Amino acid sequence: MPKHSAPRALLAILLAMPAVYPAAQEKPSDTLLTVGHYLEIESVSDPQISPDGTQIIYARSWVNVLEDRRESTLWIMRADGTRNRFFAKGSSPRWSPDGTRVLYMAEGAPKGMQLYVRWVEPMGDASQITHVLDSPMDARWSPDGKWVGFAMFVARPSEFHIDLPAPPEGAKWTAAPRYVDRLHFRQDREGFQRPGLVHLFVEPADGGTPRDVTPGEWSVGARFDGLVTGVNWDWSPDGKTIAVDGLDDADADYRFQESNIYAVDVATGAVKRLTPERGSWTSPVFSPDGKHIAYVGMAIAFTQHAYHAAQLYVMAPDGSGTRSLTPALDRDPDEIHWAADGATIYLTTQDRGAANVLAASLAGGVRPVTSGAQVISLASLAKNGVAAVTRATALEPPDVYTADLRRAPAFTRLTRVNADLLGRIHLGEVEEIWYQSAPGVKVQGWIVKPPGFDPKKKYPLVLSIHGGPQAMSNVAFRFDLQNFAANGFVALYTNPRGSTGYGTEFGNAIDHLYPGPDYDDLMAGVDSLIGRGYIDPDNLFVTGCSGGGVLTSWVIGHTKRFAAAGVRCPVIDWISMAGETDIPLFTYNFFEAPFWEKPDMWLKESPLMYVGNVSTPTLLMTGDLDMRTPMPQTEEYYVALKMRKVPAALLRFAGEYHGTGSKPSNYMRTQLYLMAWFKKYGKGLK
C-alpha cells in the first residue's frame, strides 16, 4: 500500500499548534458546568454567505424542553454581523444565484419536510414550492435561478404474491408480513426501509410539478454500505447538465463503498458515466467556467481496506483528463469550493485533531490557508473570496465567522450564541499531549482537567473512547468531558491507531485487526497520565459508544485496572452482528473471509469471547431502536456478565436509535448514569 506524507510547509504549520488551551480565570461569580446547562447550549451550523458577500444566513438550534428535541431556526445578518435577526423556522438554507431569495427546508403539507422559497429584501412571506409525499433533500438552485433541483425517494414496491382467501366481512386479520428480498432493508434513525430508489428531480422555482431526471432503475447518491445519507450533485454553469454520484449497477446492493460520477442531461435524462475506473468517486462540483469537475475518491483496490485516505481529482466535463491535485496530502478532502477565477479549489481536511482550510491549485500544489488548534467547517464561499465558516475550539462551541481566503485570513467572529451561558461558567483547562505507544508510534490525546486543578492532588480518571472506528477526536468543545471535569474527574480522550487525521498507514493499522493495536495505544495513554502523578490508579474508569463501546468491552476483558466501565451501544459478537446490523458489508469487510469459512478470526476479535476475564462492574447502555449496534449485542454481553455474577446493569434507552443522547433528556441521563455508576464503584468518591 502506498504511503504518502503531507507537504513540509503544511506539516510545519500544523505542528505549531498550541498545546494548552487554558480556561478563563476563576472569579467569585463563576459556576461549574452542570448537566442541566445542556438545555441552554445552542448550536450554529451551515452559514451561507450571499453570492455578493453582503449577507449570511445560518441555522441555529436550541432545545425544546417540552418536546424533548432540538429545533432548528434560520437567522440572517449582514456580513459584518450586524442586523442579526430571525428569518424562518427551518434548515438547509441556500441563496438564489442573484441573492434575492433563499431556498430552505421546513415542515409543510401534506407531511414532513418540504421546500420553501422566501424573498429577502423586503422580507416577504414564504412560499412552499413542494407538496410531495417523501421529503426532498440536497436541494440546489439552477444557475439562472428559474429551477430548483433536489433528490427524493421513489417507492418501488416489491411483493411475494400468494392467493390468500378473502377474509369474511368484519374479520380482523393480522396485517401481512413485511416482505424483504434485499441485503439492505433497514437503516438506523430511519427504521425498516421501504423498497425503492433515490432519484433527482427538477421543479420551477416558483412551484410546480417535480420532474424525475434520473428515471432509471438505479439510485443517485454515493452510499456507504447501503445507507441513504444524501446525494452529492451540482449543476453545470449553463444549467444543461447535472453531475451526480451514485451507482447504476444491478449488483449495487452488494457494493460496500463503491460509486461513480455521472453526467445527466437535464432536458432528456440521458446519463453518461464519467469515472470509468471502479472505486469510490463522490462529490462532483463544476468549476465556474464549466471546464472542469472537481471530485473526491479512490480506486476500488483501496476501498477494500479498513481505511485509505481519498484524494481530490479534477476532470473535464466529458470525463477525460482525470488527474489528482493532492497526490501527497494523505488526508481526506472535504467541503470543496471553487474560487471565482476557477484556478483554485478550497477544501477542508482533518489533521491531528484539527480541521483547517487548504487551497489546491489547478497548476499543482497544495498550501495551508488556515492553521491552528481549531475545527473549521467551510460552509460557503462568496464570489469575492470571503468564506462563511463555523469555528470551534476546545473551550468554545461553534460560532459563525468570516475570512477572506484570498489573503492570509484573519477570522471575524459574527456570533456568540453561548457567550451569555459559558461566560459565567468556569471550564476546565484542556491540554494536548503526545505519548509513546508501540515502538515508532506516537499517539495524540487531550486532557480535560477539573476547574481549580491542583497537580499535587489525586484525581479519578475517565478514559473516553471515540467511535467509528475510522473517526477522529478533535479539539472542538466537549460538553460531556467538561461536565466530567466539573464533577472532579480528569478526562482523557485520544486518537489511537485506526483513527483518521493521521494518514493512511495509521488509519489502516487495524485492518482485519479490530480491536487490536488501538487497545495498546489507549493503555499507553492511561499509563502516561498516571506517570504525571495526579491520577489515582485506584479510580480509573472507561467508557465509549459504538466503536468506543467495542473497545470499552474489549478493555475490561483484557485488564482489571479499571474500577468501573460504561459500555455504550457496543458490538460484542461479530458473527451475530453481521446479521443484525444495518451495515452488514462493513462488518464482513473487517475480516479476510466470511465466518462460515474462518470462524476463528471472527471469534478472536469479539469481546464476548473474553467475558470470562471480566471482573469490572459494568453499566451497559443502548437505545431500544438501535439498528447499527442493535440491542441483542448488548443483551448478549449483559447476560454473560450476569451468569458470571459480575456487577452489571442494563439501561434500555427509550426512543433512541444508535447512541443514547439524541434526545436532550437522554443525553443528560447518559451523563448522570455514568457518573453515578463510577462513583458507586469508585473508592472514596462522593
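The requirement of being farther than 29 Å from Pro584 by Cβ and either modelled with pLDDT under 95 or touching a strand residue (DSSP E or B) at 6+ places or on another chain (Cβ under 9 Å) (or both) is fulfilled somewhere in segment 150-160, by at least one residue.
State whether the residues of segment 473-496 include one that is among the hydroxyl-bearing types (Ser, Thr, Tyr) and in contact (Cβ under 8 Å) with a residue 60 or more places away in the chain. Looking for residues that are among the hydroxyl-bearing types (Ser, Thr, Tyr) and in contact (Cβ under 8 Å) with a residue 60 or more places away in the chain, one finds at least one in segment 473-496, hence yes. Considering segment 159-190, the residues that are surrounded by 11 or more Cβ atoms within 10 Å (Cβ to Cβ), of a type outside the set (Lys, Arg) and closer than 21 Å to Arg255 by Cα include one that is farthest from the chain's Cα centre (by Cα), namely Val180.
Got at least one residue in segment 652-665 being surrounded by fewer than 20 Cβ atoms within 10 Å (Cβ to Cβ), in a helix (DSSP H, G or I), modelled with pLDDT of 95 or more and not aromatic (Phe, Trp, Tyr)? Yes, some residue in segment 652-665 is surrounded by fewer than 20 Cβ atoms within 10 Å (Cβ to Cβ), in a helix (DSSP H, G or I), modelled with pLDDT of 95 or more and not aromatic (Phe, Trp, Tyr). Annotation: of all residues in segment 299-316 being surrounded by 18 or more Cβ atoms within 10 Å (Cβ to Cβ) and β-branched (Val, Ile, Thr), the one that is farthest from Phe224 (Cα to Cα) is Val314. Residues of segment 488-513 that are more than 16 Å from the chain's Cα centre (by Cα), in a loop (DSSP other than H, G, I, E, B) and of a type in the set (Val, Ile, Thr): Ile510 alone.
Considered as a group, the residues in segment 222-240 that are within 27 Å of Gln193 (Cβ to Cβ) and either without any contact (Cβ under 8 Å) to a residue 40 or more places away in the chain or of a type in the set (Ser, Thr, Tyr) (or both) include one that is surrounded by the fewest Cβ atoms within 10 Å (Cβ to Cβ), and that residue is Thr229.
May I ask you to list pairs of residues, at least six apart or on different chains, whose Cβ atoms are under 9 Å apart, with the first in segment 127-141 being in a strand (DSSP E or B) and the second being among the charged types (D, E, K, R)? Close Cβ pairs satisfying both conditions: Ser127/Arg118; Ser127/Asp206; Ala139/Arg94; Arg140/Arg94; Arg140/Asp234; Trp141/Arg94; Trp141/Arg101. Here Arg255, Arg278 are screened, and the one residue that is surrounded by fewer than 19 Cβ atoms within 10 Å (Cβ to Cβ), touching a helix residue (DSSP H, G or I) at 6+ places or on another chain (Cβ under 7 Å) and not small (Gly, Ala, Ser) is Arg278. If you go through segment 52-91 and keep only what is touching a residue at least 40 places away in the same chain (Cβ under 8 Å), part of a loop (DSSP other than H, G, I, E, B), surrounded by fewer than 18 Cβ atoms within 10 Å (Cβ to Cβ) and not hydroxyl-bearing (Ser, Thr, Tyr), you end up with Asp52, Val65, Asp68, Asp80, Gly81, Asn84. Considering only residues in segment 142-158 that are assigned to a loop (DSSP other than H, G, I, E, B) and small (Gly, Ala, Ser), the one that is surrounded by the fewest Cβ atoms within 10 Å (Cβ to Cβ) turns out to be Ser158.
Only one of the listed residues (Ala471, Ala485) is at pLDDT 95 or above, surrounded by fewer than 23 Cβ atoms within 10 Å (Cβ to Cβ) and not in a strand (DSSP E or B). That residue is Ala471.
Of the residues that sit in segment 173-190 and are assigned to a loop (DSSP other than H, G, I, E, B) and touching a Gly at 6+ places or on another chain (Cβ under 8 Å), which one is farthest from Ser546 (Cα to Cα)?
Looking at residues that are assigned to a loop (DSSP other than H, G, I, E, B) and touching a Gly at 6+ places or on another chain (Cβ under 8 Å), I get Leu183.
In segment 259-274, of all residues being in a strand (DSSP E or B) and either of a type in the set (Gly, Ala, Ser) or buried (at least 19 other Cβ atoms within 10 Å of the Cβ) (or both), the one that is nearest to the chain's Cα centre (by Cα) corresponds to Ser259. For segment 515-529, a residue qualifies if it is surrounded by fewer than 21 Cβ atoms within 10 Å (Cβ to Cβ) and touching an Asp or Glu at 6+ places or on another chain (Cβ under 9 Å), and exactly one does: Gly516.
Only one residue in Met631, Met668 is closer than 30 Å to Val63 by Cα, touching a Phe, Trp or Tyr at 6+ places or on another chain (Cβ under 9 Å) and crowded, with 18+ Cβ neighbours inside 10 Å, so which one is that?
The match here is Met668.
Exactly one residue out of Gly612, Gly579 is surrounded by fewer than 23 Cβ atoms within 10 Å (Cβ to Cβ), without any contact (Cβ under 8 Å) to a residue 12 or more places away in the chain and assigned to a helix (DSSP H, G or I), and it is Gly579.
Among residues of segment 323-336 being touching a residue at least 24 places away in the same chain (Cβ under 8 Å) and closer than 20 Å to Glu277 by Cα, the one that is surrounded by the fewest Cβ atoms within 10 Å (Cβ to Cβ) is Pro327. The residue of segment 364-400 that is nearest to Val314 (Cα to Cα), among those that are buried (at least 22 other Cβ atoms within 10 Å of the Cβ) and hydroxyl-bearing (Ser, Thr, Tyr), is Ser380.
Restricting attention to segment 387-423, the residues that are free of Cβ contacts under 8 Å to residues at least 60 places away in the same chain, under 27 Å from Gln482 (Cβ atoms) and among the charged types (D, E, K, R) add up to 3. Residue-level analysis places Leu347 among those that are under 30 Å from Ile447 (Cα atoms) and either within 20 Å of the chain's Cα centre (by Cα) or surrounded by fewer than 22 Cβ atoms within 10 Å (Cβ to Cβ) (or both).
The values are calculated or read from the model by the stated rules, or taken from the named source; none is laboratory data. Computed from a prediction, not measured in an experiment: that's the story for all the values here. As a convention, Cβ positions derive from the backbone with ideal geometry for all residues, glycine included, and neighbour counts pool all protein chains shown.
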